[in-house]
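The values are calculated or read from the model by the stated rules, or taken from the named source; none is laboratory data. This one's a predicted model, so the numbers in the text were calculated from it and none came from an experiment. No Cβ is skipped: glycine too gets one built from the backbone with ideal geometry, and neighbour counts run over all protein chains shown. Areas reflect the complete protein model, heavy atoms only, side chains present, ligands, DNA and RNA absent. Shrake-Rupley method; radii C 1.70, N 1.55, O 1.52, S 1.80 Å.
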Amino acid sequence: MTKTGFVIANLFRKKTRTVLTLLSVIMAFLLFGLLQAVNVMFNAGADFVGATRLITQSRVSFTQSLPLRQLPELEAVPGVEAVMYEQWFGGVWQENTQLIAFAVDPERLHKVYPEWTMPEDAWKKFAQTRTGMIAGRQIAKQYGWEVGQKLPIKSSIFPQKDGSKAWSFDLVGIYDGKDEEWQRQTSQVFINFAYFDEANQFGSGRAGIYVLKLGDPDKAKDVALTIDKKYENSTEETKTQTEKDWNAGFAKQMGDIGMLVRWILFAVFFTLLLVVGNTMAQSVRERIPELAVLKTLGFSDGSVLGFVLAEALLIVGAGGLIGLGLATGLGILVQKNAGAMLPISVDWRVWSVGLIAIAVVGTVVGLLPALRAQRLKIVDALAGR
């Protein structure tokens, strides 16, 4: 029997225990892969490579509105092909169902987001209807909405001038995506900005963000720097980033996701250390006489230490690789179904940290039992048999 075969045979002496431990490791690294991908997303630096759209918001927060007088100034920036503005509406359907709803200029939305498809007549009606609203195919299907309905939608943020947060909109169109990827993202609602701007209690002439469509993606970084430098040290300082980075930041408004992820990972791996460590310690205790026999046959203390340590590294390594592989597959599914809103990816950065974690966890849980096996005295071990 080879040394590798010997390690595997020892590992599966108690098949049920080994399988359950392996499943624990797989689940731990599955969670690790997904959570670390989220952590990387929120802590990654700005990436302007290949960006076709940029989003300009207030440097303070996207909740701080910017004046619409900036619109012609942004349109004049070299490299900017078209600009639209929008305001987060904070829509609520029926009792307490939150909607992803934005107030937009219909014509500018059509120009900046050609990925949203709808008959031209519907686009024109959206622009011409003061109380007009369009909904994505997915959300319209979910709630049974049909074109021509008048929909009562509340706002959790913006009351009307009379103090009421109950708004009413005419559904003039249902938009879809240009391909399968965009079709999966048709869960938003857009209302006519002109009506919102005129009717809301907090005043007019301001928008939450500007969305800039670029003519040349390679100039994204230069355009962003130009815009932010233009408003530097003014009362309306801006922060310009890619659409992907903005979506990640929007999700981060829910709280300190990074800290939450780190605490969850700490709890997961602390539990993993206890489970696998106990398994290895118990396995060594059961085999003390056998380890003594190995030394009697001529195996050195270092060889015995290596056998035990290899078992720990094998079970953690196998479970870790399977778990990371499953996380990669789930990450791809998330990208396909919610890539725009949650652009996570279990990429090489996650795998590199994962491989380090496998080595560290395997070494930590196997080291103490391995050292015990190394220091084992043949006479004492066989005497207690």
* Structure fact -> Taking the convex hull of the alpha-carbon atoms of region 169-245 and averaging its shadow over every direction gives an area in square nanometres of 7.8 nm²
* **All lysines inside 25 Å of Lys221 as judged from Cα atoms, apart from same-chain residues fewer than 8 positions distant** => Lys111, Lys213, Lys229, Lys230, Lys239, Lys244, Lys252
* Structure fact -> Between Asp216 and Gln183, Cβ-based FRET efficiency (R0 35 Å, step 0.05) works out to 0.80
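At a 1.4 Å probe, what is the % contribution of carbon and sulfur to the accessible area of the chain? Don't jump to the answer; show the numbers that get you there.
Numbers: 11400 of 19280 Å².
The value for the chain is 59 percent carbon and sulfur by accessible area.
So, counting K/R as plus one and D/E as minus one, what does the shell of residues with Cβ under 14 Å around Pro106 add up to? If you can, show how the numbers build up before the last one.
On the way: positive: Arg108, Lys111, Lys124, Lys125, Arg130; negative: Glu86, Asp105, Glu107, Glu120, Asp121, Asp170, Asp197.
Here the charged neighbours net out to -2.
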* Asked: In the P(r) worked out for region 1-158, what percent of Cα pairs fall beyond 21 Å?
  -> 69 percent
* Asked: Karplus couplings for region 129-141 from phi (6.51 cos²θ - 1.76 cosθ + 1.60, θ = phi - 60°), rounded to Hz, Gly and Pro as x?
  -> 8, 4, 9, x, 8, 10, 10, x, 4, 4, 6, 5, 5
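In units of 2.2 N^0.38 Å, what is the alpha-carbon radius of gyration of the chain? Please report the intermediate quantities before stating the final value.
Working: Rg = 29.3 Å, N = 385, 2.2 N^0.38 = 21.1 Å.
Compactness ratio reported: 1.39.
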* In region 84-234, what is the volume of the convex hull around the alpha carbon atoms, normalised per residue and reported in Å³? -> 131 Å³
* Pulled fully out, how much extra length does the chain show between Val275 and Lys141, if you take 0.36 nm times their separation in residues and subtract their Cα-Cα distance? -> 43.6 nm
* Using label points projected 7 Å from each Cα along Cα→Cβ, tell me how many nm separate Lys111 and Thr63, to one decimal. => 3.2 nm
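Given a 1.4 Å probe, how much area per residue of the chain is accessible, in Å²?
Accessible surface, normalised per residue, equals 50 Å².
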* Structure fact -> In nm, the gap between the two label points placed 7 Å beyond Cα toward Cβ at Gln160 and Leu368 is 6.8 nm
* Asked: Of Ser204, Ser155, Ser168, which has the most accessible area with a 1.4 Å probe, and how do the rest follow in descending order?
  -> Ser204, Ser168, Ser155
* To do: Kindly express, to the nearest 10 degrees and within the range 0 to 90, the angle between helix 257-286's C-alpha long axis and the longest C-alpha principal axis of the chain.
  => 20 degrees
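Subtract the Cα-Cα distance of Gln201 and Ile8 from 0.36 nm times their separation in residues, and report this length gain in nm to one decimal.
Details: separation 193, 0.36 × 193 = 69.48 nm, distance 7.11 nm.
So the extension gain works out to 62.4 nm.
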* Asked: Which of Tyr113, Ala357, Ile55 sits closest to the plus end of the dipole of the chain, meaning its Cα is farthest towards the positive end, when Lys and Arg get +1 and Asp and Glu get -1 on the C-beta?
  -> Ala357
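Taking the mean number of other Cβ atoms within 10 Å as a proxy for protection, how do you rank 9-16, 240-247 from highest to lowest? Intermediate results must be reported in sequence, preceding the final value.
Details: 9-16: 13.4, 240-247: 21.0.
Highest mean packing first, the order is 240-247, 9-16.
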